[in-house]
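First comes the structure, then the notes that go with it.
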Amino acid sequence: MAAQPLLSVRNLRTVFGTMQGEVTAVDDVSFDVAPGEVLGIVGESGSGKSVTALSIMGLLPQPPGRVAGGEILFDGRDLLKLPKSQMRQMRGSAIGMIFQEPMTSLNPVFTIGDQITETIRVHERIGAAAARKRGIEMLEKVGIPSPQRRIDDFPHQLSGGMRQRVMIAMALSCSPKLLLADEPTTALDVTIQAQILDLLRDLQREMGMAIVIITHNMGVIAEFADRVAVMYAGRIAEEGPVGRIFDAPTHPYTAGLLSSTPDLVGEVPRLRTIPGTLPSLYELPPGCRFAPRCGRRVEACEAGRPATQEIAPGHFAACIRAREGASA
Amino acid sequence: MSAPSTTPLLRVENLTKHFPITAGFFVKREVGRVRAVDDVSFHIDQGETLGLVGESGCGKSTTGRLVLRLIEPTSGKVEIEGRDILSSTPAEMRELRKGMQIVFQDPYSSLNPRMTVEEIILEPLYVQGAKPGPEMTRRARKLLETVGLSPNHVVRYPHEFSGGQRQRIGIARALAPQPRFVVCDEAVSALDVSVQAQIVNLLQDLQEEFKLSYLFIAHDLAVVKHISDRVAVMYLGKIVEQADKASLYAAPRHPYTQALLASIPVPNPRLRRPRARLTGDVPSAMAPPAGCRFNTRCPHATDLCRTQEPPAIEAAPGHVVACHHVATIPAVSPLAPQR
């Protein structure tokens with residue numbers, strides 16, 4: 001991609017201390033995000049996609065969580081080495097974040113105006129009146145009707161879709177270069193989801209920011225992302241441009257994920273399934289973590305961790321049989 | 001999949017449920033009503049699957065509970081195999097309930113954590129008067145096998161299972177009294193996609209094996225399309241459109257169905273397209289708009305829509321639409337590949 005990525009995650013390893021010992025939720029994950037690019041991270045529950053986002057933001061619950069290794073370079077600076085005060089300055093201004101739950105991410109006892117202007121005033125030397133004016137502008141930008149009036153509403157006076165718009169307004173109020181969106185539309189109904197995705201897409205183009213969108217929904221990835229990283233059990237199984245991943249998935253897990261998603265356009269008598277379930281992080285299989293569920297497994301798969309290979313420019317897969325052609 | 005037959009397995013007519021909103025602590029008075037389900041009619045044939053879709057709060061789950069009489073309707077009629085369940089006595093109801101079961105959405109909260117799998121699965125039979133014994137254990141083991149779990153799991157507790165396995169236990173419980181009709185209330189919504197596909201396939205296999213009829217309630221239109229024979233779309237307590245699956249997805253007639261289909265992100269980057277946006281939110285069911293309930297968000301709304309409720313019209317054989325302008329709105333599928 002671009003010569004200088006905006007965000008470069010190198011060999012990130014995040015662990016959680018539990019009663020049964022330490023578990024590795026994110027294991028040696030690396031990816032880049034170019035300025036203005038939309039990277040989708042897709043995976044099922046427990047794949048480590050949200051923990052990756054929290055690690056980048058420095059928002060891991062500590063303890064039990066801990067980044068045990070790797071680098072997170074943002075504009076060339078390692079976020080993991082920043083002092084807390086500087087990281088706090090970074091969050092909300094250079095990197096914005098929106099979460100899944102629009103119902104619980106806003107403070108119920110403050111008006112949305114209080115919450116938006118707080119974000120702005122923490123990061124910029126700006127008066128209360130000017131911050132409020134900016135807040136109203138932001139609410140208008142995210143499509144909230146009569147923002148002058150709505151800015152004094154409390155969160156409970158807004159619907160789920162409106163609250164997510166407020167979250168977006170807050171996240172974007174300081175024009176971040178990077179937005180981390182963790183399942184931003186999962187809690188919303190499908191017609192509202194479409195509105196929010198359109199809004200994010202428009203704002204992304206207008207403001208030229210990069211987005212990392214985390215989702216379990218292949219449809220959201222297909223419509224929204226430029227590149228996609230597929231995570232499985234704490235590792236990236238496959239990564240590449242969105243067109244290639246959907247047309248020619250090389251990792252059997254990606255292929256399985258795509259074929260087990262019911263299709264709205266075509267018609268199949270029976271869904272293809274991936275047998276078994278996600279492995280527990282306590283008893284991870286040796287070698288390739290997908291091997292126990294994989295239809296293309298050979299003995300070598302269990303021997304060691306499969307190396308990540310570049311199948312085509314920008315298209316990587318962590319499967320020893322990736323070069324044998326697209327998996328069916 | 002649907003077998004031709006004369007009497008439908010389930011017939012629902014003008015089913016209505018209004019929940020009163022009360023105020024006052026000692027003396028309750030009604031200050032409003034949530035019109036959760038309003039004048040809903042449909043039928044399900046033997047061995048058929050009717051998909052019931054809609055967004056949150058549209059009344060689809062309430063409808064599912066009403067047809068099993070888990071909650072009492074305000075008015076309307078529900079007949080199962082020709083028998084009116086709403087006028088049945090409690091004893092008759094218990095007998096009828098053998099034939100109608102439900103699978104719930106949340107595999108975590110719908111299984112009692114203090115009961116073993118055997119107790120959970122056989123609970124419906126014990127309610128019916130069966131007594132525990134080796135014969136019953138055999139039955140539980142057989143049911144576990146039927147849903148793809150190991151028979152030896154009968155002695156385990158729910159926490160020892162994953163979400164998908166728990167949903168299989170919930171299905172085994174529903175199958176225990178050998179029902180003919182099962183309501184699947186968002187039965188696969190909480191599951192990851194690879195596991196969801198396993199459960200969908202299981203439900204289809206069981207339908208074939210035991211000649212089951214399903215009311216499949218879900219918000220995911222792709223899953224509903226896959227599993228259903230016919231589909232009904234609900235909006236604010238009303239069924240706005242009802243048709244066989246092929247015509248509903250290929251030629252939807254109601255503007256809401258069209259908008260719903262246009263909103264779904266399709267897992268195919270080549271179908272990435274400008275969406276027909278549906279503006280605004282779903283209005284409150286406490287004060288639904290006058291006339292057609294969709295008129296506040298409908299791109300085709302006229303004065304007629306704002307004053308008069310549209311009747312359900314059979315626009316084509318088996319294709320029922322509740323829209324004043326059904327004759328003039330083109331039946332285009334937003335899913336057709338563009339250009």
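Tabulated values for the structure
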{"read-out": "Boolean, A:Asp189 is among the acidic types (Asp, Glu) and within 26 Å of B:Met234 (Cβ to Cβ)", "value": "yes"}
{"read-out": "Selected residue (only one of B:Ile199, B:Ile217, B:Ile171 is more than 14 Å from every other protein chain (Cβ to nearest Cβ) and either in a helix (DSSP H, G or I) or in contact with a His (Cβ under 8 Å, 6 or more places away or on another chain) (or both))", "value": "B:Ile171"}
{"read-out": "Filter result for B:Ile102 (β-branched (Val, Ile, Thr) and assigned to a helix (DSSP H, G or I))", "value": "no"}
{"read-out": "Output for the range B:249-266, where each listed residue is farther than 19 Å from A:Gly266 by Cβ and more than 10 Å from chain A (Cβ to nearest Cβ)", "value": "B:Arg253, B:His254, B:Pro255, B:Thr257, B:Gln258"}
{"read-out": "Filter result for the condition that a residue is out of contact with any Asp or Glu (no Cβ under 6 Å at 6 or more places or on another chain), in contact (Cβ under 8 Å) with a residue 40 or more places away in the chain and at the interface with chain B (Cβ under 9 Å from one of its Cβ atoms), over A:Phe224, A:Phe290", "value": "A:Phe224"}
{"read-out": "Count of the range A:232-271 residues which are more than 20 Å from A:Pro306 (Cα to Cα), more than 7 Å from every other protein chain (Cβ to nearest Cβ) and not aliphatic (A, V, I, L, M)", "value": "7"}
{"read-out": "Enumerated strands (runs of 3 or more DSSP E) restricted to the range A:169-234, each holding at least 2 residues that are under 25 Å from A:Ser93 (Cβ atoms)", "value": "A:178-182, A:210-215"}
{"read-out": "Odd one out for B:His159 among (1) surrounded by fewer than 23 Cβ atoms within 10 Å (Cβ to Cβ); (2) not in a helix (DSSP H, G or I)", "value": "(2)"}
{"read-out": "So A:Leu257, is it within 17 Å of B:Asp192 (Cα to Cα), within 20 Å of the chain's Cα centre (by Cα) and assigned by TED's automatic domain parsing to the domain that holds A:Ser30", "value": "yes"}
{"read-out": "Failed item in (1) away from chain B (no Cβ under 11 Å); (2) touching a strand residue (DSSP E or B) at 6+ places or on another chain (Cβ under 7 Å), with A:Thr215 passing the rest", "value": "(1)"}
{"read-out": "Condition check for B:Ser247: in contact with a Ser or Thr (Cβ under 9 Å, 6 or more places away or on another chain), among the hydroxyl-bearing types (Ser, Thr, Tyr) and within 28 Å of A:Ala222 (Cβ to Cβ)", "value": "no"}
{"read-out": "Of all residues in the range A:157-210 being buried (at least 20 other Cβ atoms within 10 Å of the Cβ) and among the small types (Gly, Ala, Ser), the one that is farthest from the other protein chains (Cβ to nearest Cβ)", "value": "A:Ser173"}
{"read-out": "Where B:Ser247 falls short, out of the listed (1) crowded, with 24+ Cβ neighbours inside 10 Å; (2) touching a His at 6+ places or on another chain (Cβ under 8 Å); (3) not hydrophobic (A, V, I, L, M, F, W, C); (4) not in a loop (DSSP other than H, G, I, E, B)", "value": "(1)"}
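This table checks each residue for (1) hydrophobic (A, V, I, L, M, F, W, C); (2) in contact (Cβ under 8 Å) with a residue 40 or more places away in the chain; (3) surrounded by 16 or more Cβ atoms within 10 Å (Cβ to Cβ); (4) closer than 13 Å to B:Ala172 by Cβ.
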| position | (1), (2), (3), (4) |
| --- | --- |
| B:Glu92 | no, no, no, no |
| B:Arg97 | no, yes, yes, no |
| B:Gln101 | no, yes, yes, yes |
| B:Ile120 | yes, yes, yes, yes |
| B:Leu125 | yes, yes, yes, yes |
| B:Lys131 | no, no, no, no |
| B:Glu135 | no, no, no, no |
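The values are calculated or read from the model by the stated rules, or taken from the named source; none is laboratory data. These numbers were taken from a predicted model, which means no experiment stands behind them. As a convention, Cβ positions derive from the backbone with ideal geometry for all residues, glycine included, and neighbour counts pool all protein chains shown.
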